[in-house]
Amino acid sequence: MEEFATLRERMVEEQIIARGVKDKKVIEVMKKVPRHLFVPEEYREYSYDDEPLPIGEGQTISQPYIVAYMTEVLELKEDDKVLEIGTGSGYQTAILAEIVKEVYTVEIIESLSKKAQKVLKELGYKNIHFKIGDGTYGWKEYSPYNAILVTAAPSKIPESLQNQLDDGGRMIIPVGSFFQELVLVVRQKNKFKKKKLIPVRFVPLVSTH
Ligand code: SAH
């Protein structure tokens, strides 16, 4: 739809490029992926606004800028295999699937995963692998990953998640309870370098263990 394409273009200019996102590929895919298809109908008109939106089950689709920012700091390459924790609406999943070779995504709420699977299949993505379950401990079967992106916040970084990073791999994760920060973890052999980036507000990472 013409109108949504115009809103999307403006979203990228005003919210993403204006705030300093530079990665050409990230900018290109943010202009391409139809975010409104991942937003429930009643909020569709707000799809390209500068805010997170409810997606049901008390969960939210992240603010566009945060999606672009988290994707950029991972410095993704075409051949990468990426793990995402918190499929939610599937929007961030689509952004990743546009950039890298394979995306593995874990969601704890079945109804959300099912909805995301439907939208992503209709859009034709064939490089996304879905799992319903607790992503706190990653998805060991397909590890190691070149990058891990976590879209729900634990109070501290789960060790088993960072251990599924490949040597040289990067993970972006919100950490904290009320006050949260995005933390970038870079693995070098068996060392994990951590860098605090920006303050954020994500839903909590639910743990079943
Ligand atoms: N990337 C999503 C963000 C959704 S919000 C989007 O932009 O739409 C975070 C998601 O993490 C929610 O759907 C929530 O159900 C899920 N989540 C919370 N704890 C989880 C866990 N332990 N394992 C997997 N998913 C989890």
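Values in this text are rule-based calculations from the coordinates and carry no lab data. Values in this document were obtained by computation on a predicted structure and should not be read as measured data. Note that each Cβ is placed from the backbone with ideal geometry, even for glycine, and that neighbours are counted across all protein chains shown.
Using only DSSP helix segments of four residues or longer, with each worth -39500 (n - 2.57), what per-residue ellipticity at 222 nm results for the chain after dividing by its residue count and rounding to 500?
Rounded to the nearest 500, the figure is -7500 deg cm²/dmol.
What are the extents of the Cα atoms of the stretch 1-119 along their three principal axes, in Å, largest first?
Between the extreme Cα coordinates on each principal axis of the stretch 1-119 lie 35, 34, 22 Å.
Taking a spot 7 Å from the Cα of residue 195 along the direction of its beta carbon, which residues of the stretch 169-184 have an amide N less than 17 Å from it?
Under 17 Å, as judged by backbone N against the label point of residue 195, lie 169-175, 181-184 of the stretch 169-184.
Convex hull over the alpha-carbon atoms of the stretch 52-200: what's its volume per residue in Å³?
Hull volume normalised by residue count: 100 Å³.
Give, rounded to the nearest 20 debye, the magnitude of the charge dipole that the chain has about its Cα centre when Lys and Arg contribute +1 at Cβ and Asp and Glu contribute -1 at Cβ.
Around 820 debye, computed over the chain.
Once you've got the GNM for the chain with C-alpha springs shorter than 10 Å, pick whichever of 47, 111, 62 has the biggest mean-square fluctuation.
Evaluated over the chain, the most mobile residue of the options is 111.
Mean-square fluctuation check for the chain, GNM, Cα pairs under 10 Å: which of 46, 91, 65 is largest?
46
Taking the alpha-carbon centroid of each part, what is the distance from the stretch 25-40 to the stretch 175-209 in angstrom?
25
Within the stretch 139-180, list the trypsin sites (Lys or Arg not before Pro) lying in a DSSP loop whose Cβ has at most 12 other Cβ atoms in a 10 Å radius.
The qualifying sites are 156.
Please compute the contact order of the stretch 52-200 in relative form: average sequence separation of alpha-carbon pairs under 8 Å and at least six residues apart, divided by the residue count, as a percent.
18
Taking H placed 1.01 Å from N in the peptide plane, check which residues at least 5 places from residue 203 or on another chain put their amide H under 5 Å from its amide H.
Sorted by chain and number, the residues that satisfy this are 153.
Here are some pairs, 31/193; 81/156; 77/196; which of them have Cα atoms lying more than 26 Å apart in this structure?
31/193
In the Gaussian network model of the chain, springs joining C-alpha atoms below 10 Å, which of 56, 20, 169 carries the largest mean-square fluctuation?
20
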